[in-house]
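Visitor: Below: one structure in structure tokens.
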Amino acid sequence: MPIDVRENKHPYANNCNQYQNRGLTLNYTHQYVAQQLLIAQHAYNKLELGFTKLTVERPFRIAAILRTDVHELIKTEPMNAS
């Protein structure tokens, strides 16, 4: 079954909207953020879309680049108990 990233259905895409919205607010391009993270633009795209798992350090670096608190970028929904 294909994954529809636009609907945030990928398991690691929880923070996709926060990264995109904050970057747009600051008028930052993917290229700029990728350069600041010392990664390729394609790698940042995959990270933003949720296809790449975040390391412990990376959300803090992204938050610093996007001039926001890391907690604003990492908002999680409570898991449903089965």
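The values are calculated or read from the model by the stated rules, or taken from the named source; none is laboratory data. Remember, predicted model here, so these are calculated numbers, not experimental data. With ideal geometry, Cβ positions are generated from the backbone for all residues, glycine too; neighbour counts draw on all protein chains shown.
Visitor: Under 9 Å between Cβ atoms, at least 6 apart or on separate chains: pull out the pairs that start in the range 28-44 with a residue that is outside any helix (DSSP H, G or I) and end on any residue that is of a type in the set (Gly, Ala, Ser).
Guide: Note: pairs meeting the criteria are Thr29/Gly23; Ala40/Ala34.
Visitor: Looking at the range 45-72, which of the residues that are part of a loop (DSSP other than H, G, I, E, B) and of a type in the set (Lys, Arg) is nearest to the chain's Cα centre (by Cα)? Full working, then the answer.
Guide: Step one: of the range 45-72, the residues part of a loop (DSSP other than H, G, I, E, B) are 50-57, 66-69.
When the remaining residues are screened for being of a type in the set (Lys, Arg), the result is 53, 67.
Numbers: Lys53: 10, Arg67: 14 Å.
Per the stated criteria, the residue is Lys53.
Visitor: Quick one: what pairs do we get from the range 61-82, first residue basic (Lys, Arg), second at pLDDT 70 or above, C-beta under 9 Å, 6+ apart or different chains?
Guide: Matching pairs, first to second residue: Arg61/Gln36; Arg61/Leu37; Arg67/Arg22; Arg67/Leu26; Lys75/Gln18.
Visitor: In addition: May I ask you to list the residues in the range 28-39 that are under 15 Å from Leu54 (Cα atoms) and more than 13 Å from the chain's Cα centre (by Cα)?
Guide: Leu38, Ile39
Visitor: Restricting to the range 58-82, what's the tally of residues that are more than 18 Å from Thr25 (Cβ to Cβ), among the charged types (D, E, K, R) and modelled with pLDDT under 85?
Guide: Final tally of qualifying residues: 1.
Visitor: Still on this structure: Within the range 3-27, track down each residue that is part of a helix (DSSP H, G or I), at pLDDT 80 or above and not hydrophobic (A, V, I, L, M, F, W, C). Steps first, please.
Guide: At the first step, the residues of the range 3-27 found to be part of a helix (DSSP H, G or I) are 5-7, 16-25.
Restricting the remaining residues to those that are at pLDDT 80 or above gives 22-25.
The answer is Arg22, Gly23, Thr25.
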